[in-house]
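Beneath this line is the structure, given in structure tokens, with notes to follow.
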Amino acid sequence: MSKKVSAWQVVGALVAHFRRETHLTQEQFAEMASIHVDTVRSIEQGRLALQPDRAEQFDELLATKGALALLVARMPVREKVVQFAQGYVDHEQEALSILSYQSLMVHGLLQTRAYCRAAFDARYPALGNETAEQWVNARMERQLVLEQERPPVCHFVLEESILKRQVGGPEVMREQYRRILECTEPVHMSFQIMPMDRMPHAGLAGPMTLLKTRDHADLVYLEVQRASFLVDDPNEVNDYQLKYGMLRSQALSPDESVRLVEGLLGDR
């Protein structure tokens, strides 16, 4: 059975083709682009996504009349995220509603660019700069789903401890607090904070995201480390829906949650 070729392998093969057509070695092309030759190799092998600004640079250097930039611009969002999360992103981009409980990090749809980059910079083993920037750009592009003409209804339950962890430092966190508060403005978005001392607590088993698709199917997304699961069994989904309902009743009210974040920001 043949191995599936990824979209980025196709893009990389095209870069390699255009480079060879100009009679450039990888080393020569890397010098022209002011990047390391390993970056060229990773892009051509499809291990590293070609970012939009770099695609424009390559088009100029290789005289390809915008072909690479156009190809990258038309790339589906799912192709720009890590493989284990692609199934979730497909549904997220088409969801009618997104309900999420998070215990360690601010949900990706709410993250600022600086918070997101700081989180990726803290990963172990470390990510290279190119990979980290690729993942940040993909996450920022995912957030465009919130700007659609008919965006999904979103609700987030966040652990208070998430707000206390200084990801990126105080200024990054202040920007992140402001971003979270923006969720109280659109009528289709809201959040609640789960206090650190709250018991009983229906979410101690870990984070979860509940989705309703456009064909009104209910799904639950679970992620741990570098593994993820989509649950579609109605009985199991029902259990998670009940669990999420309990979490909402145990967390601070939306108004109390806003006051807590404003207090951290210093606005109260």
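The values are calculated or read from the model by the stated rules, or taken from the named source; none is laboratory data. Since we're looking at a predicted model, the values are computed, not measured. Positions of Cβ are generated from backbone atoms using ideal geometry, with glycine treated the same way; all protein chains shown enter the neighbour counts.
Worth a mention:
- The residues of the stretch 93-108 that are out of contact with any Ser or Thr (no Cβ under 8 Å at 6 or more places or on another chain) and within 25 Å of P52 (Cα to Cα), listed by number, are Q93, G108.
- All positions within the stretch 8-39 that are free of Cβ contacts under 8 Å to residues at least 24 places away in the same chain and among the β-branched types (V, I, T): T25, I35, V37
- Pair list, Cβ under 6 Å, 6 or more apart: the stretch 147-170 residue closer than 13 Å to P186 by Cα, other residue among the β-branched types (V, I, T): P152/I98; C154/I98
- Residue match in the stretch 177-197 (condition: more than 20 Å from R259 (Cβ to Cβ), assigned by TED's automatic domain parsing to the domain that holds V261, modelled with pLDDT of 95 or more and over 19 Å from the mean Cα position of the chain (by Cα)): no
- Test for L68: is it under 29 Å from L247 (Cα atoms), touching a Phe, Trp or Tyr at 6+ places or on another chain (Cβ under 9 Å) and at pLDDT 85 or above: no
- Residue within the stretch 219-227 that is of a type in the set (S, T, N, Q) and at negative phi present: no
- The helices (runs of 4 or more DSSP H) found wholly in the stretch 79-169 and carrying at least 1 residues that are modelled with pLDDT of 85 or more and farther than 28 Å from K243 by Cα occupy 113-121, 129-142.
- One residue from V258, V224, V237 being of a type in the set (V, I, T), within 22 Å of the chain's Cα centre (by Cα) and assigned by TED's automatic domain parsing to the domain that holds C183: V224
- Selection count, the stretch 33-44, where residues are part of a helix (DSSP H, G or I) and either of a type in the set (G, A, S) or crowded, with 17+ Cβ neighbours inside 10 Å (or both): 6
- Of all the listed residues (A55, A16), the sole one being part of a helix (DSSP H, G or I) and either under 27 Å from M140 (Cβ atoms) or touching a Cys at 6+ places or on another chain (Cβ under 6 Å) (or both) is A55.
- Residues satisfying the stated conditions in the stretch 104-133, i.e. surrounded by fewer than 17 Cβ atoms within 10 Å (Cβ to Cβ) and either small (G, A, S) or in contact with a strand residue (DSSP E or B) (Cβ under 7 Å, 6 or more places away or on another chain) (or both): A122, A126, G128
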